[in-house]
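The values are calculated or read from the model by the stated rules, or taken from the named source; none is laboratory data. All of these numbers come straight from a predicted model, not from anything done at the bench. Because the Cβ atoms are built from the backbone with ideal geometry, glycine has one as well, and the counts that use them run over all protein chains shown. Areas reflect the complete protein model, heavy atoms only, side chains present, ligands, DNA and RNA absent. Shrake-Rupley method; radii C 1.70, N 1.55, O 1.52, S 1.80 Å.
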Amino acid sequence: MLVSFIIPVYNVENYISQCVESIRRQTYKNVEIILVDDGSPDASPEICDKFVEQDSRIKVLHKVNGGLSDARNAGLHIAAGRYVVFIDGDDFWVDDKQLELLMAVVKKNDNCDFIGFNCSYYYPQTDTYKRWVKYCDVDIDDKNIIIQNLVSSGTFPMSACLKIIKRDFLINNNLNFKVGQLSEDIPWFINLLDRAKRCKFINQYIYAYRQNVVGSISGNFPVRHFDDILDIIKKVSDKYGND
């Protein structure tokens, strides 16, 4: 099964090579890597073009700056894989067998619209990793029970980067990211859960979140961010408050 990795690229010239290489070296080789250059002003676009020359599985889409959501949507629009994985250009996957292990789970759970996996925070100054909260160890795919377990465990993995998702499920349910809204993963994940019939979460620590990155497409946190979060909370409350 072809897996499409969608990687927004903006001001990540120091990190994008590690990000891309972490996917290129996966032992599961049936992938395409879509690099979405979101009008990056640094050397990232040139680095992306060099990757195209090195690996036929890599595509580059150069576009005017539109933000993280717009870049992800643009990548999804040209993706061809049965499954989609999002990854930010300043992050990476931790070792070369993760996709092979993940796809074994995917094949056993073909009825799931998406499967969530886990992550670690990566601290480059000390080259150390700190694992995120462990999901509840229950081998089920019933969405309602999963939500209850996530809430009781104190973790709710909203990040788009911590999931492998059926592309047709995203397309058929119009599950795009809202352009111009910060904290875009929160309403997107809520809609993802709402539309999914079955899903699953596994404690496979695949993703490395690089900490203390300044200037990347996913690293900015302006004051407007708080207003967007409040707006999201209000909309979610209005939607589910009476359920």
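Yes/no matrix, rows are residues, columns are (1) closer than 21 Å to ALA160 by Cα; (2) aromatic (Phe, Trp, Tyr):
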residue: PHE5; (1), (2): yes, yes
residue: TYR10; (1), (2): yes, yes
residue: GLN26; (1), (2): yes, no
residue: LYS29; (1), (2): no, no
residue: ILE33; (1), (2): yes, no
residue: PHE51; (1), (2): no, yes
residue: LEU61; (1), (2): yes, no
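Say whether the condition of being farther than 23 Å from TYR28 by Cβ, at pLDDT 95 or above and in contact with an Asp or Glu (Cβ under 6 Å, 6 or more places away or on another chain) is met by at least one residue in region 71-92. Within region 71-92 (the criterion being farther than 23 Å from TYR28 by Cβ, at pLDDT 95 or above and in contact with an Asp or Glu (Cβ under 6 Å, 6 or more places away or on another chain)), the answer is yes, since at least one residue qualifies. When we screen LYS200, LYS143, LYS163 for residues that are within 19 Å of SER4 (Cα to Cα) and touching a residue at least 12 places away in the same chain (Cβ under 8 Å), the only hit is LYS163. Counting the residues of region 63-85 that are over 15 Å from ILE33 (Cβ atoms) and not hydrophobic (A, V, I, L, M, F, W, C) gives 9.
Condition check for GLY67 on (1) on the phi < 0 side of the Ramachandran plot; (2) open to solvent by 10 Å² or more (accessible area, probe 1.4 Å): one failure, at (1). The condition of being open to solvent by 50 Å² or more (accessible area, probe 1.4 Å), touching a strand residue (DSSP E or B) at 6+ places or on another chain (Cβ under 6 Å) and without any contact (Cβ under 8 Å) to a residue 12 or more places away in the chain holds for only one of LYS59, LYS130, LYS108, LYS134, that being LYS130. Looking at LYS50, is it open to solvent by 30 Å² or more (accessible area, probe 1.4 Å) and without any contact (Cβ under 8 Å) to a residue 12 or more places away in the chain? Answer is yes for this residue. Residues of region 102-158 that are part of a strand (DSSP E or B) and of a type in the set (Asp, Glu): ASP142 alone. Considering ILE206, ILE165, the condition of being closer than 16 Å to ALA79 by Cα and hydrophobic (A, V, I, L, M, F, W, C) is satisfied by ILE165 alone. Restricting attention to region 163-194, the residues that are aliphatic (A, V, I, L, M) and either over 25 Å from VAL151 (Cα atoms) or at pLDDT below 95 (or both) total 7. Evaluating VAL151 against the criteria (1) closer than 24 Å to ARG131 by Cα; (2) at pLDDT 70 or above; (3) aliphatic (A, V, I, L, M); (4) surrounded by 14 or more Cβ atoms within 10 Å (Cβ to Cβ) leaves one unmet condition, (4). Every listed requirement among (1) within 26 Å of ILE115 (Cβ to Cβ); (2) crowded, with 19+ Cβ neighbours inside 10 Å is met by ASP37 save one, (1).
Taking GLY81, is it open to solvent by less than 10 Å² (accessible area, probe 1.4 Å), over 23 Å from ASN14 (Cβ atoms) and part of a strand (DSSP E or B)? Judged against the criteria, GLY81 is not a match.
From the list VAL12, VAL3, the one residue that fits, being touching a Cys at 6+ places or on another chain (Cβ under 8 Å) and either of a type in the set (A, V, I, L, M, F, W, C) or under 15 Å from ALA71 (Cα atoms) (or both), is VAL12.
Selection of region 1-41 for residues being of a type in the set (D, E, K, R), assigned to a loop (DSSP other than H, G, I, E, B) and in contact with a helix residue (DSSP H, G or I) (Cβ under 8 Å, 6 or more places away or on another chain) yields only GLU13.
In region 190-211, the residue that is most open to solvent (accessible area, probe 1.4 Å) out of those that are charged (D, E, K, R) and closer than 20 Å to LEU170 by Cβ is LYS197.
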